[in-house]
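To keep things clear, I will list the structure first and then write my remarks on it.
Readers should treat all values here as calculations from the given coordinates under stated rules, not as data from a laboratory. Just so we're clear, the structure is a prediction, and the values are computed from it rather than from any experiment. For neighbour counting, all protein chains shown are included, and Cβ atoms are generated from backbone atoms with ideal geometry for every residue, glycine included.
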Amino acid sequence: MRIDPNSCVGCGQCISYCPMEAIHLTDAGVSEVDQEECVECGVCLRNASCPTDAIIETENPWPRSVRASFSNPLMEHKETRIPGRGTEEMKTNDVTGRFRYGQVGMAMEVGRPGTGTRFRDVQILTMMLAELGIHLEVQNPVTSLIVDEDKGLLNPDVLNEKVLSAIVEFTIPIEKVPGVIERLREVEGQLNTVFSVDLICKVRQNDFVATVPLMERLGVSLSANGKNNLGLGRPYFEEALP
Amino acid sequence: MTHTLHRQGMPENLQNDYVVFAMSAKDHNEVGSAANMQAFLRIVGRHNPINMGDMKTGNCFHAGTEDIEANVQDTSIVHAVFADIDSVAVVVKEIQEAELGLSVVVSGLLDPVREMCRELGLTPAPHTVEHSLGVWGKVELLPAEEILEISTMCGHGMVSFGLVQEAVADVRAGKSTPEEAAKKLAEPCVCGVFNPARAAVLLKRMADK
């Protein structure tokens, strides 16, 4: 995004809309976008109601192009054909069977809530998971940026690119979850941003959720709220209850 | 994509915050699903949702409900927000009876949703669950919890911390009512999953401090 200094009247009403605090008033009294911090999410353009239409969407060649695809939810990733930053994950699990009994989906959304991230911070987590021998979800757009799967290295072109958030997503046997949690606790201080963690589990007979007692044992607090796939999708993915 | 997970808050205000949404599965039941998503929108629209939207078009404050329904595509994800579990139960029962074949997700407090599933005969209750394990890393970068309770209602991060702080200041100064300020905050959330009714209550509480 760019603000045309010749059109801007310096009203400043775009400033508070920016999730990355990348817009400021210059000494000349006009608004300016810090190109290093702008993630190309489009919030200012869509919502700030600029009285002179001074906010301009710019062409962003590679590697800056990843900023919009990971930050603007109206843009569809070519890898997933889904708008947003991740995959269908548990939302269609009743039809796809992506997560089965004994398996757990995990994701770390780096930069959420509201702080944003450079891909070099995302790479700390992809490298950690590679060390554990964990393969990332192939349909996730972060996975498409991996150039060395054994080491979890991302394309070096993008490491300094900033986005609103990027999701590192994978499926593992439930027995492997404690090892991931232990390593997450060890590396979380290395990131220069925050990340939100989530856990997906297919519900068993008697409405038993296997991840609940596991997290209690590991001393990890679970949210009181969350997402519930109701199982209404058809054709229904059939799997015998354990 | 976990755009309705990680909504922060206390149980007493989360009990007024439920998102119901539907989508088809790529390479499974995607083709021709737009008509069923339109049917979903008509069902939820009959029960006075607080917000609704489709990522392809926008939320009801920007696009209007007619445009949202008219522009639905097979790859859409259609959403509606409700203030209580009883309304959600009525909506889900109608969706169940309509046999739309779409995957339907309810985001909100887990215990009431599980009870609702049991009452509607959905077993296991629910089919699959996703928990948040909270925020990790450099948490000192984050603003006060009460700002996060509002901004995290847009999981794509479209509602900036600064906009929430400005809304509080506007309410405190009498420039806006809590409801007007909350509507302004709902507009950037393109999916229509932001809950302006809950936001108005939280804004008033902050402004009264």
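Each of B:Val92, A:Val212 has some number of other Cβ atoms within 10 Å of its Cβ, and from fewest to most they run A:Val212, B:Val92.
Other residues whose C-beta falls under 10 angstrom from the C-beta of A:Glu169 contribute a net charge of -3, scoring Lys and Arg +1 and Asp and Glu -1. If the chain linking B:Ala98 and B:Asp27 were pulled fully straight, counting 0.36 nm for each residue of separation and taking away their Cα-Cα distance, it would gain 23.3 nm.
Please give the net charge around B:Ile95, taking every other residue with its beta carbon less than 14 angstrom from that of B:Ile95, where Lys and Arg add +1 and Asp and Glu add -1. Each step should come with its number before you reach the end.
Details: positive: A:Arg234, B:Arg42, B:Arg46, B:Lys93; negative: A:Asp94, B:Glu94, B:Glu97, B:Glu99.
Neighbourhood net charge equals 0.
I'd like the GluC sites (Glu not before Pro) in the range A:1-78 restricted to DSSP loop residues with at most 10 other Cβ atoms within 10 Å, sorted by number. Passing sites in the range A:1-78 are A:Glu36, A:Glu59. Taking Lys and Arg as +1 and Asp and Glu as -1, the other residues whose beta-carbon sits under 13 Å from that of A:Asp157 total +3. The ellipsoid equivalent to the alpha-carbon distribution of the range A:76-218 has semi-axes of 25, 18, 14 angstrom, derived from the gyration tensor eigenvalues as √(5λ) and listed largest first. Applying the criteria of a DSSP loop state and at most 12 other Cβ atoms within 10 Å to the trypsin sites (Lys or Arg not before Pro) of the range B:151-204 yields B:Lys175.
Each of A:Met215, B:Met10, A:Met127 has some number of other Cβ atoms within 10 Å of its Cβ, and from fewest to most they run B:Met10, A:Met127, A:Met215.
Extent along the principal axes, Cα only, for chain A: 67, 38, 32 Å, with the longest axis given first.
How large is the helix-only mean residue ellipticity at 222 nm for chain A, computed as the sum of -39500 (n - 2.57) over DSSP H runs with n ≥ 4, divided by its residue count, in deg cm²/dmol to the nearest 500?
Computed ellipticity for chain A at 222 nm equals -5500 deg cm²/dmol.
Going by neighbour counts of Cβ atoms within 10 Å, the residues B:Tyr18, A:Tyr236 line up, fewest first, as A:Tyr236, B:Tyr18.
Would you mind checking the pairs A:Lys91/B:Lys26; A:Lys151/A:Lys202; A:Lys91/B:Lys56; A:Lys227/B:Lys209; A:Lys91/B:Lys93 and listing those with alpha carbons more than 21 angstrom apart?
Details: A:Lys91/B:Lys26 11 Å; A:Lys151/A:Lys202 30 Å; A:Lys91/B:Lys56 17 Å; A:Lys227/B:Lys209 32 Å; A:Lys91/B:Lys93 19 Å.
Check vs 21 Å cut-off fails for A:Lys151/A:Lys202; A:Lys227/B:Lys209.
Its alpha carbons considered, the range B:11-119 gives a radius of gyration followed by a Dmax of 13.4, 41 Å. Can you list residues whose amide H is under 5 Å from A:Met75's amide H, if they're 5+ apart or on another chain and H is modeled 1.01 Å from N? When sequence neighbours closer than 5 places are left aside, the close amide H contacts are A:Gly84.
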